[in-house]
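One structure below.
The values are calculated or read from the model by the stated rules, or taken from the named source; none is laboratory data. Given the structure is predicted, the values throughout are model-derived calculations rather than measurements. Virtual Cβ from ideal backbone geometry, glycine too; neighbours counted across all protein chains shown.
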Amino acid sequence: MQSTVRILPHHRDRLLPNNRYIFSSPGCENTNECYLPYQVEIYSGEPVVWINVDSAAHTVTSGSPALHDGLFDSGMLMPDQKWEYVFTDSGEYDYHCMLHPWMTGKVIVN
């Protein structure tokens, strides 16, 4: 089984299935809606796939914006690109976008 995280649009021109506009401009961190879902819980050995549904480039970089821990980094994800990472060790993994440091998320591996 895999989990999918969407990197959401910067603009209010896309409507999500729940009839809410979501965007990743400053402020989305207040509701944890820059990456959706903000937190993913998986089992060790399962992949997580990030899909950039925005019109701007983003990254999925491990650690906090102030402390990149070097565990994983997607590099630049252009619009409509996907990136997958398999988590093999249990724990909590914070990640962020290097280009938009207010964008943060978390993966919990059991």
If you take the residues of segment 36-51 that are surrounded by 15 or more Cβ atoms within 10 Å (Cβ to Cβ) and in a loop (DSSP other than H, G, I, E, B), which of them is farthest from the chain's Cα centre (by Cα)?
-> GLU46
Every listed condition ((1) within 19 Å of SER3 (Cα to Cα); (2) modelled with pLDDT of 95 or more) holds for GLY75 save (1)
If you go through THR88, THR104, the only one that is touching an Asp or Glu at 6+ places or on another chain (Cβ under 7 Å) and either touching a residue at least 40 places away in the same chain (Cβ under 8 Å) or surrounded by 19 or more Cβ atoms within 10 Å (Cβ to Cβ) (or both) is THR104
Looking at ASP94, ASP54, which is the one that is in contact (Cβ under 8 Å) with a residue 12 or more places away in the chain and not in a loop (DSSP other than H, G, I, E, B)?
-> ASP94
Counting only residues in segment 97-110 that are outside any loop (DSSP other than H, G, I, E, B) and of a type outside the set (Ser, Thr, Tyr), the one nearest to TYR35 (Cα to Cα) is identified as GLY105
